[in-house]
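Here's the structure, in structure tokens; my notes come after.
Every number here is computed from the coordinates shown, using simple stated rules; none is lab data. The shown structure was predicted, so the numbers you read here are calculated from the model rather than taken from an experiment. Don't worry about glycine lacking a Cβ; one is built from the backbone with ideal geometry, like all the others, and counts go over all protein chains shown.
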Amino acid sequence: MNAEEARQVDTALRRLGVPGVVAPEDPDNPAGEWRVYDTADPTTRKDTTANALVAVVAKFRDANPEPTRRGPTRGFIIPPEED
């Protein structure tokens, strides 16, 4: 993700209460790729991007555990022929 996407991800993580620090992979190159880490310290941090994604999906799944519709939602209604 780039810097703008990282800002949006950081906002979403905070709103959902998912832990993580969004920072560039290379601290000297903020124009490069960004990831989610467990801490801001570039020397000791661990990449937790995948875990953050799973946590976000789980938050949405918890918010709506049972879908209201199952199966196809498209179809045709053929009116009866009039005599």
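For Ala12, what charge total do you get from the other residues with a beta carbon under 14 Å from its beta carbon, if Lys and Arg give +1 and Asp and Glu give -1?
So the surrounding residues net to +1.
Going by average Cβ neighbours within 10 Å, how do the peptides 24-31, 35-42 rank, with the highest at the top?
In descending order of packing, they fall as 35-42, 24-31.
How large is ³J(HN,Hα), in whole Hz, for each residue of region 30-42 in order, when computed from phi with the Karplus curve 6.51 cos²θ - 1.76 cosθ + 1.60 and θ = phi - 60°, using x for Gly and Pro?
Once rounded to whole Hz, the list reads x, 7, x, 6, 10, 9, 9, 10, 7, 8, 7, 5, x.
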